[in-house]
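Just so you know, all these numbers are worked out from the coordinates, no wet-lab data involved. These numbers were taken from a predicted model, which means no experiment stands behind them. When we count neighbours, we look across all protein chains shown, and the Cβ atoms used for this are built from the backbone with ideal geometry, even at glycine.
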Amino acid sequence: MVGLQSSYLNYQVVVRDLDRSLARKAAEPALARDVARFTEAAADIRSVDDLFDDDRTYGFAVKAYGMDELLYARALIRRVVSEGTGSDSYAGRLADSRYLDLAGAFQVTDSGRAPPVLQASALTVAQRYRDNLDGIGKRGSGKAEERILEYRIEMDKLKDFDAFLNSDLALTFTLRAFGLDRQALQPGEVRKVVTDEMAARAAGGSGAYISGLDTVGIDDADGRYRFGRFIDAFLASGGAEGQEAVIASYRMEAPKFGERLAAGVDDDIVAFYEGLDKIKVADDLAGNWQTLSVGLRAFDLEHLIGQEKAIVAALKGDARALSLTNAADRANFEAFSAVFAFERDGTPTVAPLVRDVEKTVQAYIRQTLEVDIGNEDTNVRLALYFQRKAEGIKSFYDILGDEALAEVVRTAFGVPPETAASDLDAQVRMMERHIGIADFQDPEKVEKLISRFLLLAESNTAAASAPVLSLFGGGSGLADISYDLLQARQSLGR
């Protein structure tokens, strides 16, 4: 509760321990009930239609981004949510940044539904992959003997060359043993090259694989040399001597896994994103080396590469498809499955429409705190709003497009409010004389500006509160503005 003291002191009371202020607000019974209901309901909101069919969830989201005065404008909000945050989107063309904030809270495809979980989580997977590259190299060395034992066991099971050729585990192990572990090497394509080479050798030819390597993504001399060694070892590895040659090479190459992947990380991630578009059902993963291998490595499961069919079966709900022998692997696969999520029929699981429930909840709590404080001290509400939005200010047009931000800057530097009706470029030049745009990224300078605003604002205590509240769209006058006029008012260019 804001006390009966100066706006400056009231603001300091709140921001001195903002986390505690927000926690106290969140603990209020009515707000806690609203948050609990939204958190539960948001998990089942999968489309724009679902959102607009649930008035309370819709209202919570709109209020969280400070647009409760537009709850009635459902057609406007539907368009904002449906078109997303691109430069050509409806929200991107409006001056008020709150529209972009609201649109950014949701993830929507052209069909009006949320994307599959895998697509929605792609950025997180890519970042995890980057972060994991050092660990992959260390695990390659530390787990080498385990992988070798798996290879020996697999080889004992294979009774003829066809079985050997069709073993993902044996093929993948041998590729790694000769430094060919990049995901560009699709196992199916490698099998074709090996089969063609066998036929060529049987017919008395030689080196057929050299001219066909473009099909497996090899276009350099080192790659051709490694593939030549690989195919000779692969064709000989049905015997004990050939197997030992493969194992010896594996031991030498294992420490280099992470180093090789790090050298091509950007290409791998591009291939990962390209592969996402090809996944329509879970079975598509088995032949999508680019996407699956990045995902497995991102979740510390690179040793499962070579078990694509079993992985797909496990993702579709077959708990016995994979034998995960330790708790770490089980936990990692659970996290992997939450991202590579499919229904039992193999169709991708659709993500919740709300991109980040916790972020929206925190926005709602912060917005409620600001509004409640504003009921007693509108200057403090303006200051808190400015503090929250300052980091996102990239140009002076961002300020001019937001009446509340503009009010703080004008007051802080003694710019007459009448200038709001002047030419936009002239207003920008006036602001540039007082402050640099980079200053809004400096917390200390932002706090100095806010303090200056609060101290100067108190000199004008005779001003009525209603006009100040209208800066947030909360004044009674806005309700009388027509829908068409409202849209025109918001279409000010950035």
Quiz prompt | Residues in segment 350-367 reached by a label modelled at Asp19 [backbone nitrogen below 17 Å; 7 Å Cα→Cβ] | solution = 359, 362-363, 366
Quiz item: Tell me, what are the semi-axes, in whole angstrom and largest first, of the equivalent ellipsoid of segment 36-103 as set by the roots of 5 times the Cα gyration tensor eigenvalues?
Solution: 20, 13, 10
Quiz item: Which value, in Å to one decimal place, does the Kirkwood hydrodynamic radius take for segment 315-380 when every pair of different Cα atoms is included?
Solution: 15.8 Å
Quiz prompt | Calculated over segment 221-287: convex hull of Cα atoms, volume per residue (Å³) | solution = 135 Å³
Exercise. Can you put Lys25, Lys445, Lys389 in order of Cβ neighbours within 10 angstrom, beginning with the fewest?
Key: Lys445, Lys25, Lys389
Quiz prompt | Reciprocal mean inverse distance between Cα atoms of the chain - Kirkwood radius, Å | solution = 26.9 Å
Exercise. Would you mind working out the magnitude of the charge dipole of the chain relative to its Cα centre, with +1 at each Lys and Arg C-beta and -1 at each Asp and Glu C-beta, to the nearest 20 Debye?
Key: 520 debye
Practice problem: Return an integer: the convex hull volume of the alpha-carbon atoms of segment 41-80, in Å³ per residue. | Solution: 67 Å³
Practice problem: Using only Cα atoms, tell me the angle between helix 327-339 and the longest principal axis of the chain; keep it within 0 to 90° and round to the nearest 10. | Solution: 60 degrees
Quiz item: Between Asp96 and residues 5 or more places away or on another chain, which pairs have amide H atoms under 5 Å apart, with H built 1.01 Å from N, and which residues are they?
Solution: none
Practice problem: Give a residue-ordered list of calculated ³J(HN,Hα) values for segment 304-318 (Karplus: 6.51 cos²θ - 1.76 cosθ + 1.60, θ = phi - 60°; whole Hz; x for Gly, Pro). | Solution: 8, 4, x, 10, 4, 5, 5, 4, 4, 4, 5, 5, 8, x, 7
Exercise. Give the order of Phe230, Phe52, Phe38 when sorted by the count of other beta carbons within 10 angstrom, beginning with the fewest.
Key: Phe52, Phe38, Phe230
